[in-house]
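Here's the structure we're looking at; comments come further down.
The values are calculated or read from the model by the stated rules, or taken from the named source; none is laboratory data. Note that the coordinates shown come from a computational prediction; the quantities given were computed from them, not determined experimentally. Here the Cβ is made from the backbone with ideal geometry for all residues, glycine too, and neighbour counts use every protein chain on show. Each accessible area value is taken on the protein alone, full model and side chains, heavy atoms only, with ligands, DNA and RNA left out. Shrake-Rupley method; radii C 1.70, N 1.55, O 1.52, S 1.80 Å.
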Amino acid sequence: MSADADTHAGSSDTSSTDTPAHRYTAALAQDIELRWQDHWDEAGTFETPNPAGPLGDPDAAAARGEKLFVQDMFPYPSGSGLHVGHPLGYIGTDVYSRFKRMTGHNVLYTMGFDSFGLPAEQYAVQTGTHPAVTTDANIATYRRQLRRLGLSHDPRRSIATTDPAYYRWTQWIFSQIFNAWFDQEAPNDTGTLGRARPIAELVEQFESGERATPGGTPWADLPACDREQILAGYRLAYVSDAPVNWCPGLGTVVANEEVTAEGRSDRGNFPVFKRNMRQWMMRITAYCDRLIDDLDRLDWTDAIKTMQRNWIGRSHGARVHFASAAGDITVFTTRPDTLFGASFMVLAPEHPFVAELTTAEQSDAVAAYRSAAEAKKDVDRQDETREKTGVFTGSFATNPINGEQIPIWIADYVLMGYGTGAIMAVPCGDERDFEFATKFGLPIPAIQQPPDNWFAARGIEPSLDTSTWPTAFVGDAPYVNSANDTLDLNGVDNKAGGIAATNTWLESQGAGEATINYKLRDWLFSRQRYWGEPFPIVWDEAGNPHTVPDDMLPVELPETDQFSPRTFDPDDAASNPESPLDRLDDWITVELDLGDGPKSYRRDSNVMPQWAGSCWYQLRYIDPTNENRFVDPENEAYWMGPRTDIRDDHPGGIDLYVGGVEHAVLHLLYARFWQKVLFDLGHVSAVEPYARLFNQGYIMADAFTDSRGVYVEATQVEERDGSWFLGDEPVNREYGKMGKSLKNAVSPDEMYDAYGADTLRLHEMAMGPLDASRPWETRDVVGMYRFLQRLWRNLVDEDTGECTVVDTPADDDTRKLLHRTIDTVRTEMDALRFNTAIAKLIELNNAVTKLAGTPREVAEPMVIMLSPLVPHLAEELWVKLGRSDESDGSSGTITYVEFPVADPALLVDDTVELPIQINGKVRSHVDVATDASKGDIEAAALANDKVVEALAGGSAKKVIVVPGRMVNVVV
RNA sequence: GGGCGAGUGGCGGAAUUGGCAGACGCGCUGGCUUCAGGUGCCAGUGAGGGAAACCUCGUGGGGGUUCAAGUCCCCCCUCGCCCACCA
C-alpha cells in the first residue's frame, strides 16, 4: 500500500507529469496478454481430457466435473482476416466456457475452419495460386488473430475441413449415406415410423422375396444395372437428373439457396440459368417429419424453429386426379373441400402432358408461350405485381367430383418444382385464380355463401352471382352448390369437416387420397468445382456407382494446376458445365479390385458442397486424432449423449451452439439430417447435433457510398456540419453489417494496439445483449479501458507495481455488496447476459474505489469473477495477489479456481426502503423491517408526512401493500 | 402480400411474476492535476418549471384493463430480418 494515498481516488502521483510506470496502459496490457498466451500454450492450460482414447484421461475428466460441450459456428477463413464483428460470438462462448470451468464442468471448447469454398478457388483462378496455399495462409492468419484474443480453445482439437485426415471421414459418412435407405415401416427412436437402414438389409429383403421388386421380377434374375437402378430409388444419396442453376460466370452449378432474389449468384453476382443435369442428391425429404417433430425437443428460439418449420413447409391436403386425354393429371391441394368450385386447371408450361394436350389450333400459341416462359428466370415468374398471363391448351379434363369438363390452361405462375406442377383452380375462393379467371373470362362458380357483412364491406348486395364480386371470398362459410349423388357438403360450415368428408369420398372413388406435401426439396449435393471433397465413388463400365472401400479413403484431391472450372461469358446461357476434375485423365481413370478382380473404373468428377464439412465437425472435435473411426463411441456418448437429467426426451447433442441467424435453415437443417442418418445407422448416440442454439447478433456500422452508389472506405470519411465527405466529395451515409463488402470493417489489431485484447473483449460483451445486433463506435471502447485501469489501481500501486490489497476485513456494506454482486454475476453469466454482469462488477469496483484500501476479502473474488471476461489481466492480478503459486489445484493459473459462491445470509438486509405511492405516483419512501407484516407496512405508510398531508384528515379509500416492493395509498 | 422480431435520454443499452423508468458505459458540462494539449481523477447530466424544497411531463402514436402499464389487451405508424403467385 503506497503511503501517499488516503484513498484510491485522486491518489495519482503529483511528482511527475508522465504516465506512472505501472499504470494499466495498452503497452502493459499487451505485455501481460502475450506473456499469458505463451504460458497457456506451454502449460496446456486449456487441454480438455476425454474419457478414452489418445486424448483420454478418465480421472482428469471426472475431476473437472460435469461435461459441457460449447461450440461456435466455425468460420470460413477469408483472405481479409478478422474484423471486430467476427469474434462477438467467440468471445461470448469463451467467457461462458471459462465461467463453466470455474463452476465444476469439463468443458470441450475449440475452433476449426470451414476451409473449402468458392473464394479460394476463385482467387486461385485469378492469381494461379493453389487454393491449398491460400487456405493454409488464411488459416494461419485466423489462428494468430484468434489466439491474440485469448480464446481458451483446446488447440489439439482444431480441425480444417480441407485436411485429408478430416475429409477422409466426410467421405466415409457419404459412403454410409449412399449405402443406406429410408425404411418407411421401421420404427425410429420416437416410436413413429421411418428410419435409415443399411442398403444391404434392403437387398436381403429383395433376395428373400420379403419385399417384391418394383417390376415383380425375382431379384436373382435381374441384371446388375437393373438392380442398381432399383436401389438408386431407395438410397439416401442418389444420382438424378435435376434442374440446376448453371452459372456460366462461375463455371459451376449453384444451389437454389445460393441464388439471390435477383436471380444471380450469391458470390460473384453473375446471371444464373436453369439446366437439367445428372447430379448427386441427398434424400433429406425422407426426414421431413422427424426434422419438424424433433424441433420440439430442442432448446432453440421459437423464431428459428418457426423458420425451419416454414422451410420444410409441411402442409396437409389431398392429391386429386383429373382424367384427361393425356392421362390422369394429379394436383395437390390443401383445400380438397373446394373441389366443387374447380372450374379450370392450370399446368406449368414445362408439364410433361402439355405437348399431348395441346390441340392443333392452339399449338402455335402454346409453343410461343412455353419458349417465353423458358427464357424467364424463376424470380420473374414469381413477381406478384406482374399481370397474369396464360394460354389455353385446347383440351379439357374431368372434374371427378361432378363430372364437368373443365378447360386446361398453362401459365407460368405455376411452377414445375412445387407440388405436381399442376393446380386445380377454384376462382371463387382463391385470389390468384379469381384474377386469372376474370382476365380470361373463365367461369367462377360460387361454392360458399359469404356472410352479409362481407358484401356490406365491399358495398355490394349479397348474391351468389360471382360476376358482381370484386374479389374472391377467402374464409369460412357454409358450402353451397357442393353436392353430388354420394357426397353432400351443403350447409356444412367448417373447413375441417369439409376436408375430411371430401378426402373420404375421394379415396372411396379412387379419385384421390389425403396426403402431406412438403416445400423442402431433396438436397442437391454435387458441385462442378475443384476445391471441395471428392466423392468416394467410382463408376464401372456399365455405368453403375461403387463406393471406394473405406480402407482406401481418403480419395484425395489430385495435385494439379488445372483447378479452374471452365468459365464462360456470364450471359452465355447455351454453355454447359464442365468439372475441373474431368480433365485430369491420370486421376479420373483408376484400376481397382472391388472384390471381383482388377477392373478399370472412372472416378466421380464432382465435389461436395461447402455444407458437407460443417455437417459433422462437432463429432470430430471430440476425437480429432482418431485414425480408426470418425469418432470413438465412448467419447461420443460422453460429449454428445442424451441428457435425461435435463428433459426426458432429450435428443443429445452439444450443450451450446452459437452462431449467426443466417444459418437458420440451411446449415442447421443439413447438419440435423446427417446426424439423424448417423444415429439411425447406429454410429452415434445423439439424434440431434445441437441441443441448445443461441444466435448472436451482428456488429453493425455506418457505411458510405459515393455519387455512383459505390461503397467507399468508411475510415476515410469525415463529418462536417452534419454531412459526410470523402475529401471534398460528399458521400451518403448508410448502415449495415460490418464487413469487407460495405468497406466499414474495423480490425481487432487496431483495438489491441490502442487498448489491448482484454479491453476489446470486455467492451464487446458490455455493448449489449449477445443476441442483439448493435452499432460499433470505436470511441465507446475507452469506457471499459478506464474501468480496467480503476480496477488495476485498486489492487496495484501504479508507481511500484506492488500489490496494495489490505488484509483488514471489509465493512458490512461492502461485504453485502460483494455477495449481492456474486449472486447476480453467477446468474447473469449462466444466462449469457454478460452486459448486466459487467455492470454489476463495475458497480462493485466503483464502491471499492471509494474505500481507503481494497480488502483482500473483496479483491480476490472480484478478480475471479472478472477472469472469464478479462483472463489475461485476471491471471496477472492473481499472481500479484500471491495466489497463483499455491498448490491448491490452481496450478499457476486462475482458470480452474472455484467461482465465488454468495453467502445467502448476506443477500438480505434487516431493513428495506419501500416507495410510498399516492394514487399510483411515488411521493415518498419509508424504511421498514425486511420481514415487516403487511399491517406494519401499512401503518408506517399512513404515518408518513406526505400521506397524512394527502389524506387531509380523511381516510384512505384503499391501501395496497406488496411486501418488499411498495405501498400504494389510494386517496 | 405472408411469417418472425424490434421501437426506452444526444448514443449503446438497464428494468423478476405488471410494482421507484433510465442501472452500467459513451458523449456532454463544470472542476482538480498540467506551461499547454492529451491522459488520469472528482462532480453533474431525460425534458420543462423553480433560488430551493419540490412540481409537471415522459418508454413510436391512439384507445383500454388495473390501486399501479416500458411490461397485459385492441387499433395504427415506423424499422429490421426471413419467405414471397406455395396451390
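Quick look at the values:
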read-out	value
Top-ranked residue of the stretch A:831-865 - restricted to ones that are within 16 Å of A:Thr804 (Cα to Cα) and among the polar types (S, T, N, Q), ranked as nearest to RNA strand B (Cβ to nearest atom)	A:Thr849
Only one of A:Val661, A:Val687, A:Val665 that is within 28 Å of A:Arg235 (Cα to Cα), open to solvent by 10 Å² or more (accessible area, probe 1.4 Å) and among the β-branched types (Val, Ile, Thr)	A:Val665
One residue from A:Leu877, A:Leu844 being touching a Cys at 6+ places or on another chain (Cβ under 9 Å), of a type outside the set (Lys, Arg) and under 26 Å from A:Ala757 (Cβ atoms)	A:Leu877
Residue that is in contact (Cβ under 8 Å) with a residue 60 or more places away in the chain, buried (at least 16 other Cβ atoms within 10 Å of the Cβ) and assigned to a helix (DSSP H, G or I), where the choices are A:Val897, A:Val863	A:Val863
Every residue from the stretch A:503-545 that is out of contact with any helix residue (DSSP H, G or I) (no Cβ under 8 Å at 6 or more places or on another chain), assigned to a strand (DSSP E or B) and open to solvent by less than 20 Å² (accessible area, probe 1.4 Å)	A:Arg527, A:Val538
Pair list, Cβ < 8 Å and 6+ apart or interchain, from the stretch A:399-415 residues that are assigned to a loop (DSSP other than H, G, I, E, B) to residues that are among the β-branched types (Val, Ile, Thr) and more than 14 Å from RNA strand B (Cβ to nearest atom)	A:Asn399/A:Ile406; A:Glu404/A:Thr398
Hits in the stretch A:21-35 - residues which are open to solvent by less than 20 Å² (accessible area, probe 1.4 Å) and either away from RNA strand B (no atom under 16 Å from the Cβ) or at positive phi (or both)	A:Ile32, A:Glu33
Pairs where the first residue, in the stretch A:951-971, is farther than 15 Å from A:Ala940 by Cα and of a type in the set (Gly, Ala, Ser) and the second is open to solvent by 40 Å² or more (accessible area, probe 1.4 Å) and more than 8 Å from RNA strand B (Cβ to nearest atom), C-beta under 8 Å, 6+ apart	A:Gly954/A:Val971
Search result, residues across the stretch A:295-311 that are among the hydrophobic types (A, V, I, L, M, F, W, C), within 11 Å of RNA strand B (Cβ to nearest atom) and open to solvent by less than 20 Å² (accessible area, probe 1.4 Å)	A:Ile304
Unmet criterion (only one of (1) of a type in the set (Val, Ile, Thr); (2) at pLDDT below 95; (3) in contact with a helix residue (DSSP H, G or I) (Cβ under 6 Å, 6 or more places away or on another chain); (4) surrounded by 19 or more Cβ atoms within 10 Å (Cβ to Cβ)) for A:Thr836	(4)
First in the stretch A:204-224 and on the phi > 0 side of the Ramachandran plot, second anywhere and in a helix (DSSP H, G or I), Cβ under 8 Å, 6 or more apart	A:Gly209/A:Trp219
Count of residues meeting criterion [open to solvent by less than 60 Å² (accessible area, probe 1.4 Å) and among the basic types (Lys, Arg)] in the stretch A:733-775	2
Conditions (1) within 31 Å of the chain's Cα centre (by Cα); (2) part of a loop (DSSP other than H, G, I, E, B); (3) of a type in the set (Phe, Trp, Tyr); number of the one not met by A:Tyr638	(2)
Strands (runs of 3 or more DSSP E) contained entirely in the stretch A:659-743, each with at least 2 residues that are within 31 Å of the chain's Cα centre (by Cα)	A:693-695, A:699-705, A:729-737
Filter pass, A:Ala950 being outside any loop (DSSP other than H, G, I, E, B) and near RNA strand B (Cβ under 10 Å from one of its atoms)	yes
Residue that is farthest from the chain's Cα centre (by Cα) [pool: residues in the stretch A:934-964 that are surrounded by 12 or more Cβ atoms within 10 Å (Cβ to Cβ) and of a type in the set (Lys, Arg)]	A:Lys946
Odd one out for A:Arg144 among (1) farther than 23 Å from A:Asp623 by Cβ; (2) touching a residue at least 24 places away in the same chain (Cβ under 8 Å)	(2)
Flag if A:Thr129 is among the β-branched types (Val, Ile, Thr) and surrounded by fewer than 23 Cβ atoms within 10 Å (Cβ to Cβ)	yes
Filtered residues of the stretch A:407-453 (kept if surrounded by fewer than 17 Cβ atoms within 10 Å (Cβ to Cβ), over 24 Å from A:Ala323 (Cβ atoms) and either within 13 Å of RNA strand B (Cβ to nearest atom) or at pLDDT below 80 (or both))	A:Gly417, A:Glu431, A:Glu435, A:Lys439, A:Pro451, A:Asp452, A:Asn453
A:Ala772 being away from RNA strand B (no atom under 15 Å from the Cβ) and modelled with pLDDT of 80 or more	no
Conditions (1) open to solvent by 60 Å² or more (accessible area, probe 1.4 Å); (2) under 19 Å from A:Asp909 (Cβ atoms); (3) within 15 Å of RNA strand B (Cβ to nearest atom); number of the one not met by A:Asp931	(3)
Selected residue [at positive phi and either in contact (Cβ under 8 Å) with a residue 12 or more places away in the chain or open to solvent by 60 Å² or more (accessible area, probe 1.4 Å) (or both)] from A:Gly652, A:Gly597	A:Gly652
Lone unmet requirement of (1) under 23 Å from A:Tyr238 (Cα atoms); (2) in contact with a Phe, Trp or Tyr (Cβ under 7 Å, 6 or more places away or on another chain); (3) assigned to a helix (DSSP H, G or I) for A:Ala612	(2)
Output for the stretch A:912-928, where each listed residue is surrounded by 11 or more Cβ atoms within 10 Å (Cβ to Cβ), more than 6 Å from RNA strand B (Cβ to nearest atom) and free of Cβ contacts under 8 Å to residues at least 40 places away in the same chain	A:Ser924, A:His925, A:Asp927, A:Val928
The stretch A:742-769 residues that are farther than 19 Å from A:Tyr24 by Cβ, paired with ones that are among the β-branched types (Val, Ile, Thr) and open to solvent by 10 Å² or more (accessible area, probe 1.4 Å) (beta carbon under 7 Å, 6 or more apart)	A:Lys743/A:Val712; A:Val746/A:Thr778
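For every residue, the table says whether it meets (1) at pLDDT below 95; (2) over 27 Å from A:Pro609 (Cβ atoms); (3) open to solvent by 30 Å² or more (accessible area, probe 1.4 Å).
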position: A:Arg211; (1), (2), (3): yes, yes, yes
position: A:Gly216; (1), (2), (3): yes, yes, yes
position: A:Thr252; (1), (2), (3): yes, no, no
position: A:Ala261; (1), (2), (3): yes, no, yes
